[in-house]
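Below you'll find the structure, written out as structure tokens, and then a few comments.
The values are calculated or read from the model by the stated rules, or taken from the named source; none is laboratory data. Values in this document were obtained by computation on a predicted structure and should not be read as measured data. Counting neighbours? That spans all protein chains shown, and the Cβs are built from the backbone with ideal geometry, glycine included. Just so you know, the surface numbers come from the protein's heavy atoms only, side chains and all, with ligands and any DNA or RNA stripped out. Shrake-Rupley method; radii C 1.70, N 1.55, O 1.52, S 1.80 Å.
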Amino acid sequence: MKSIQNRLLLMLLIFIILPYFLSVFFIYSYTKHSVEQQELKNSHEQLRENSTELQQYFEEMINLPYILYRDPKLFQILNNEVEDSNYLEKSLENFSLMRNEIRQIQFYMDKDKEALTVYNATASARKSKPNFLQKSFIKELYNSNIKYVIQPPHAIQNYNNSAIVPQSDKTKVITFHHKIVDVLSNEFLGTISMDVDYEMYARICNNLIGKDQESVLLINEDNKIVYANDTELIGQAVSPHLQRKIERNAETGDDIILSNTLSGPLDRWKLVKITPSHILFDDARKTSYTFIIVGIIIGLLGVFMISLISYKITHPLKLLTQKVRTIKGGNMNIDFNDKREDEIGYLELHIKEMMDRINLHINREYKLEIENKENRLRALKSQVNPHFLFNALQSIGAVALRSNAPRVYHLITSLSKMMRYSINANKWVKVQEEVEYIKAYLTLQMERFRKEVHYSIHISDPILNMQIPSMILQPLVENFFKHSYEEGFYDAPLNIYGEVQKSFLHLVVESYGASTTDEELKRLQENIYHSSLNSSQGHKHIGLKNIHDRLILNYGTQAHLEIDRNNGEGFIVKISIPLEEQPLKED
């Protein structure tokens, strides 16, 4: 986001497109909320209307048997005061024809302990029912003060095992069990049970279903499902999870659950409508999506226009920036457009004039710098030229073998290894090769001083396989002998180790013995880091100076050599080489 075009585009988006989309979002939210609330209101109103209709229907069906109370002769028959001579059967057959949805009637007379059924307006023969009052719903009705009981939907039953009820009839019915009592004495006379086809009240419940995936439940006071459009749920108990949702009248989440508690004959019953939220609010979402699509189209057009405007404004600046980057990459021959008469043309004109002046200085200084580096590198390479000595040592080694002097041959071999290695002083080698060179050098020095040298080399295998410029550790080992052994510190140890930390390879040489003062150390560091090879101070510490300069030549300023006192008992020299830096290797 640093470019002017991006910042200009962002500014235009913030002050133009963002307010527009915010307004679209607020309109969308308001519209969606309004439509959703209207849908909920309509659903609540529809639920109340259907609840009222359902209550009226059940009230009619419950009050229907009270018509029988208007027939005095019927009560005389129940009290065995008169002989009925099929009068009861005819009355019940006529009663069953009052409503089409009445599928079967069972009439029980307590005094005779007999019952008869009426199916399709045809009465069956009376049958003795001595245990009739022990049936679950009849027992509940008989032992309580209630006047009726509603039995949940079930398949129609052949109460008296009568031939008038075919076995093929599997109609689901809801049964209204009524208690018949003497009006004056309140004496129990019998019961009348009406099997009513549940399709009638199911039609009322299903009026609530206006869309696919909606469902309706009619739940009685015992939390049993009396009706559901999913017939497999009829007769089952309501799950605790659904019960909690119904009690909360949940209007959020995946499902919108609306319920209404009924009264009257259906006291404490609940009519429940369950609608998936994506169905109930489908119209609201379609309206809102229309707003969003229109908003996105207008927004995209706005973004396109803003992008075009910002491009026209910033394109000349980007071209100028690319030219400057080309200059940074080393290309000094750039064509500048100095014909423009605006601010960009003014900048290009002055940059062109500046580049013409800078090119003269850069060409001269750059060539001098390259030549200076090449001269310094040639000077470093010319310090050791061991070709002649190497050939001579090969001849001396052959004489030592012929003279049966293996010790001499071993020493000459070590020296030969050093000479062979020093031939490649301007080459790149593995750390392993530099270590082998140091070991050969230590072998010769131990023979020279006739004493054991206490040294340790701890460098891991991954580091041993890394490549470094040759001859950057040996001068440090040579300084150890110069400033320790030659001054009598024969027991002083020498430690060499390597480690990788934070993308740097660190090679450390710790020597013990003679040390120096803080002022001398500061002067030594000044000579290494700042003096030139041509100065007298530079020649004084040529080994350390060579290592430092070669590191800078090969790796740049990220590589460095650090020298410090080893707690007043010697020196610590650390060479740090950046692992991510790709050096220019010499042939």
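General observations
- Residue count for the stretch 206-216, restricted to those that are open to solvent by less than 10 Å² (accessible area, probe 1.4 Å) and part of a strand (DSSP E or B): 1
- Residue ID - surrounded by the most Cβ atoms within 10 Å (Cβ to Cβ), chosen from residues in the stretch 553-570 that are modelled with pLDDT of 85 or more and over 46 Å from the mean Cα position of the chain (by Cα): Leu561
- Unmet requirement for Tyr512, which otherwise passes all of (1) modelled with pLDDT under 85; (2) more than 14 Å from Val573 (Cα to Cα); (3) aromatic (Phe, Trp, Tyr): (2)
- The lone exception for Ala202 - which of (1) touching a strand residue (DSSP E or B) at 6+ places or on another chain (Cβ under 6 Å); (2) part of a loop (DSSP other than H, G, I, E, B) it fails: (2)
- Count - residues of the stretch 77-103 that are outside any loop (DSSP other than H, G, I, E, B) and either basic (Lys, Arg) or loosely packed, with under 15 Cβ neighbours inside 10 Å (or both): 3
- Selection within the stretch 62-76 - of a type outside the set (A, V, I, L, M, F, W, C) and open to solvent by 30 Å² or more (accessible area, probe 1.4 Å): Asn63, Tyr66, Tyr69, Arg70, Asp71, Pro72, Lys73, Gln76
- With respect to the stated conditions, Ile225 fails to be touching a Phe, Trp or Tyr at 6+ places or on another chain (Cβ under 8 Å), crowded, with 19+ Cβ neighbours inside 10 Å and at pLDDT 85 or above.
- Residue check, Gly253 open to solvent by 30 Å² or more (accessible area, probe 1.4 Å) and modelled with pLDDT of 80 or more: no
- Pairs meeting the criteria (first residue in the stretch 500-529 and over 30 Å from Pro462 (Cα atoms), second residue loosely packed, with under 11 Cβ neighbours inside 10 Å, beta carbons under 6 Å, at least 6 apart or on different chains) are Ser515/Gly568.
- Apart from one condition, Asn50 fits all of (1) closer than 25 Å to Ile156 by Cβ; (2) part of a helix (DSSP H, G or I); (3) open to solvent by less than 30 Å² (accessible area, probe 1.4 Å); (4) touching a helix residue (DSSP H, G or I) at 6+ places or on another chain (Cβ under 9 Å); the exception is (1).
- Qualifying residue in the stretch 87-103 (condition: within 14 Å of Tyr159 (Cα to Cα) and not small (Gly, Ala, Ser)): yes
- Test: Lys32 is modelled with pLDDT of 75 or more, surrounded by fewer than 18 Cβ atoms within 10 Å (Cβ to Cβ) and assigned to a helix (DSSP H, G or I): no
- If only residues of the stretch 104-116 that are open to solvent by less than 10 Å² (accessible area, probe 1.4 Å) and touching a residue at least 60 places away in the same chain (Cβ under 8 Å) are counted, the one that is nearest to Tyr159 (Cα to Cα) is Gln106.
- Number of positions in the stretch 91-105 that are under 20 Å from Glu199 (Cβ atoms) and more than 60 Å from the chain's Cα centre (by Cα): 9
- Any hit, the stretch 499-515, residues being in contact with a helix residue (DSSP H, G or I) (Cβ under 6 Å, 6 or more places away or on another chain) and within 27 Å of Gln558 (Cα to Cα): yes
- Residue among Leu189, Leu242, Leu233 that is over 18 Å from Glu101 (Cβ atoms), open to solvent by less than 20 Å² (accessible area, probe 1.4 Å) and either of a type in the set (A, V, I, L, M, F, W, C) or modelled with pLDDT of 85 or more (or both): Leu189
- Residue match in the stretch 193-212 (condition: within 30 Å of Lys113 (Cα to Cα) and among the hydrophobic types (A, V, I, L, M, F, W, C)): yes
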